[in-house]
1. Any idea how far apart residue 228 and residue 180 come out in nm if each label point goes 7 Å out from Cα toward Cβ?
2. Under 10 Å, Cα contacts only: if you run a Gaussian network model on the chain, which one of 197, 68, 81 comes out with the highest mean-square fluctuation?
3. At 0.36 nm per residue, and after removing the present C-alpha to C-alpha distance, how many nm does the segment from residue 214 to residue 242 gain when stretched out fully?
4. Hey, for a label at residue 125 modelled as a point 7 Å past Cα toward Cβ, could you say which residues of the range 47-82 have their backbone N under 14 Å away?
5. Two-decimal Rg/Rh of the chain from alpha-carbon positions, Kirkwood Rh?
6. At a 10 Å Cβ-Cβ cut-off, how would you order 144, 97, fewest neighbours first?
7. Can you give me the C-alpha center-to-center distance between the range 207-249 and the range 38-94, rounded to a whole angstrom?
8. So for the range 175-297, what are the equivalent ellipsoid semi-axes in whole Å, largest first, each being the square root of 5 times an eigenvalue of the Cα gyration tensor?
């Protein structure tokens, strides 16, 4: 076989190889695209649920949570006075005894008091966030076109900047920081921020240059990485739906469809319990004051 024929055959094999690689690249591009779409849909579903749950918690705490805290504080006060009465009952109490009683009450209930205070702060902050949200809603409303663009951009950015898509730990930290900003921007419907990160992603994609072989290898690696992220997101979604807050919200939403306001009903019951416990506390205070006479405590 002549040199020229061997050259033609080699050239033909190269063309054939490149054609085969192109076909395989197309196949993996479709696979990656499908997985990316799944990742995007899961990401936006999770983020929408988180936003909805956060808003629900704010409403719950403003209407019910703060009442529960008030009830808990009353019950704690009742326990404190019951302890005071037990320690003072049946003896002539001196001012020194009173101090010892207060020290014991402090020792016994200080940890519970801190827990109740923390719950109160948490419920108050959540309630205030809900109030601010309602005020902002009155001030403006986003049109459907803006909301749709936010969703579209978020879907694309979730594929690009999800921390689990990072190639190494340094990039993971960078993506984590960016993803927090993206989530916050989506929550606040901030198109400017979302567009900024989309432009950044597009610039980086244009810079990248690969051979066909490198592209094929990268696509296979991307598919494996995205599939792992999808599995993780599915688990996260299931955990969200299994959470107590999600189940409660779902129950409240279902009741609304039937014309019922479960939070209002629950608040009414708690208020009744608060009134009962307030009356009990007042009786215990009177009883303790009788036991200790005119001593101040």
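1. Going by the 7 Å Cα→Cβ label model, 2.3 nm.
2. Comparing 197, 68, 81 in a Gaussian network model of the chain, the most mobile one is 81.
3. On the way: separation 28, 0.36 × 28 = 10.08 nm, distance 4.20 nm.
Difference between extended and current length: 5.9 nm.
4. Correct set: 58.
5. Values: Rg = 31.7 Å, Rh = 25.2 Å.
Rg/Rh: 1.26.
6. Numbers: 144 7, 97 15.
The order, fewest Cβ neighbours first, is 144, 97.
7. Centre-to-centre distance over Cα atoms comes out at 36 Å.
8. Working: eigenvalues 693, 89, 55 Å².
They are 59, 21, 17 Å, listed largest first.
All of the numbers you see were taken from the coordinates with simple rules; none came from a lab. As the structure is a prediction and not an experimental result, all values here were calculated from the model. Cβ: placed from backbone, ideal geometry, glycine included. Neighbour counts: every protein chain shown.
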